[in-house]
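A.B. asks: One structure coming up, written as structure tokens, with questions to follow.
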Amino acid sequence: MAGFSPLNSAMNPKDEQFFKALGARIAGARRSHELTQQQLAEQLGIAQQTLAHYEGGRLRLPVSLLPELTRTFGLSCDELLGQNVTPHGKRGASSKLQQQIEAISQLPKARQRFVSEMLDTVLAKTQQ
């Protein structure tokens, strides 16, 4: 795997934490889009094992993969990198509803549909 830097004890702990968190966000986005590691790896032009190492935070993700990942997941680079993204014109802490929506968006698609159906049922009953 020439050209890739595995995480090791010589790496700054803050960097190690960053790459592990980035890998977890990639894995979560991949699952929420119902993609297997193999499918995403093929889209990125890399081996499935390499993607597994990125997701586990064991390899540094090359910056060159960010554009394809953001397109695939419909996320901004800031979102993928874990930066707090606030809607234009709004500042301050997220409302509880926004936090819940964010949590739901991280669920697999099947669970998102289940939550959506539950909300539809509750909303229909409150409008009667």
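A.B. asks: Filter region 38-76 down to residues that are closer than 19 Å to residue 105 by Cα and without any contact (Cβ under 8 Å) to a residue 24 or more places away in the chain and give me whichever is surrounded by the most Cβ atoms within 10 Å (Cβ to Cβ).
C.D. replies: 70
A.B. asks: Taking the residues in region 87-114 that are over 17 Å from the mean Cα position of the chain (by Cα) and basic (Lys, Arg) as candidates, determine which candidate is modelled with the highest pLDDT.
C.D. replies: The residue in question is 113.
A.B. asks: Tell me which residues, restricted to region 28-86, are within 13 Å of the chain's Cα centre (by Cα), in a helix (DSSP H, G or I) and closer than 22 Å to residue 12 by Cβ.
C.D. replies: Within region 28-86, 54, 55, 66, 77, 78, 80 meet the criteria.
The values are calculated or read from the model by the stated rules, or taken from the named source; none is laboratory data. All values reported here derive from a predicted model rather than from experimental measurement. FYI the Cβ positions are ideal-geometry reconstructions off the backbone, even for glycines, and counts take in every protein chain you see.
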